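One structure is given below, encoded as structure tokens.
Here, each number is a calculation from the coordinates, and none is a lab measurement. Note that the structure is a prediction, hence the values are computed from the model and not measured. In this analysis, Cβ positions are derived from the backbone assuming ideal geometry, glycine residues included, and neighbour counts consider all displayed protein chains.
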């Protein structure tokens, strides 16, 4: 396999790159910067913007697989920016794949594409996307996934993966943000605390991408399809976060807010920030309120059956490795 990864220097992309390298594949990480850590491991790095079709075409030349991981993965921000990166960037990737005669495209999507405006999660992959979403991120990722699916033909085989709440050593989002809020006394339980969610350890996410590339062949059942990826064992979100917070010595979560109250607060803060143009992300949004209070877990059997996906690292092992990393690299600062 000769693969190139957009967003190759990011959390997911870099893990895919290292896994491919460990399996003796040729791999290139494409991103907006140079990545000395990856280069030191013998991984080629290329600088390019995913909206630049000519640069992508040149970078993709000679590769047979593209992992499109790059995205604007934020809860808050200008709609135009989300569309430019998540939607138009994906169009550029597909254009470059065709221009460079790439045969396989593995797209990193998100389960949030199945969250509708009512905050409810659609748990089965065979249902259509909601007509409206609570935030620009899930909305633009849903459009991008549809674009990828529609691009599938005999010359370009595609598959979309939806890893849920990715975490592990080097995680820049989920656990570090929860810890920051806990230490600031701002981590508030939303809802009654009984909601079950799926989470996914980063090693398993990288494994899923490589297995998808291997399974993606003409006539395979995965061609043009989307698959949920997780640990396959939902956790009680607030018990799980509480355990992480306690393990690293951060203050426990001792405040609670109902979903309706959090939703109203999020709507108000979103409106105020839209009016004032204040660039920072609100401490609460409607999308975040729904994520923190509702169940969202799903069946990974289709991925196991069609892709050969399996959980390589279990919850306890993954949590131990993550906590150790946090103690060494985050809490010591």
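What the table shows:
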{"item": "Principal semi-axes in Å for the stretch 275-333 [√(5λ), Cα gyration tensor, largest first]", "result": "31, 24, 11"}
{"item": "Shape category assigned to the stretch 5-108 from the gyration tensor of Cα positions, a/c cut at 1.5", "result": "oblate"}
{"item": "Rough spin-label spacing in nm, given labels placed 7 Å along Cα→Cβ, for residue 2 and residue 81", "result": "3.7"}
{"item": "Counting DSSP beta bridges with both ends in the chain, the antiparallel % (nearest 5)", "result": "10"}
{"item": "The chain: most fluctuating residue of 96, 142, 55 per GNM, C-alpha cutoff 10 Å", "result": "55"}
{"item": "Ranked list, fewest to most other Cβ atoms within 10 Å of each Cβ, for 43, 5, 94", "result": "43, 94, 5"}
{"item": "Cα-derived Rg over Rh, computed across the stretch 167-275 with Rh taken as Kirkwood radius", "result": "1.09"}
{"item": "Nearest-ten-degree value, helix 174-183 long axis tilted from longest Cα axis of the chain", "result": "20"}
{"item": "Residue 184 paired with residue 271, simple spin-label distance in nm, labels 7 Å along Cα-to-beta-carbon", "result": "2.4"}
{"item": "Among 72, 174, 237, residue whose mean-square fluctuation peaks in a GNM of the chain (springs only between Cα atoms under 10 Å)", "result": "174"}
{"item": "Among beta bridges that DSSP assigns inside the stretch 1-159, antiparallel share in %, nearest 5", "result": "5"}
{"item": "Theoretical ellipticity at 222 nm over the chain - DSSP helices of four or more residues, -39500 (n - 2.57) apiece, nearest 500", "result": "-12500 deg cm²/dmol"}
{"item": "Exposure proxy order (Cβ contacts within 10 Å, fewest to most) of 201, 259", "result": "259, 201"}
{"item": "On Cα atoms only, tilt of 259-276 relative to the major axis of the chain in degrees", "result": "70"}
{"item": "Cubic angstrom per residue, convex hull over Cα atoms of the stretch 50-119", "result": "88"}
{"item": "Relative packing of 175-181, 144-150, which averages over residues the other C-beta atoms within 10 Å, highest first", "result": "144-150, 175-181"}
{"item": "Over the chain, relative contact order from alpha-carbon pairs under 8 Å, at least 6 apart, %", "result": "17"}
{"item": "All-pairs Cα distance distribution in the stretch 85-218, expressed in whole percent, bin size 10 Å", "result": "11, 32, 37, 15, 5, 0"}
{"item": "Over the stretch 147-300, relative contact order from alpha-carbon pairs under 8 Å, at least 6 apart, %", "result": "32"}
{"item": "For the stretch 242-286: rounded, prolate or oblate by the Cα gyration tensor [a/c cutoff 1.5]", "result": "oblate"}
{"item": "Nearest-ten-degree value, helix 237-247 long axis tilted from longest Cα axis of the chain", "result": "80"}
{"item": "Taking only Cα atoms of the chain, radius of gyration then Dmax in Å", "result": "19.5, 55"}
{"item": "Taking the stretch 8-154 and dividing mean pair separation by its residue count, relative contact order in percent (alpha carbons under 8 Å, at least six apart)", "result": "20"}
{"item": "Tensor-based shape of the stretch 1-45 (alpha-carbon gyration tensor, a/c under 1.5 rounded, otherwise prolate or oblate)", "result": "prolate"}
{"item": "Among 37, 299, 49: highest mean-square fluctuation, GNM of the chain, C-alpha pairs under 10 Å", "result": "37"}
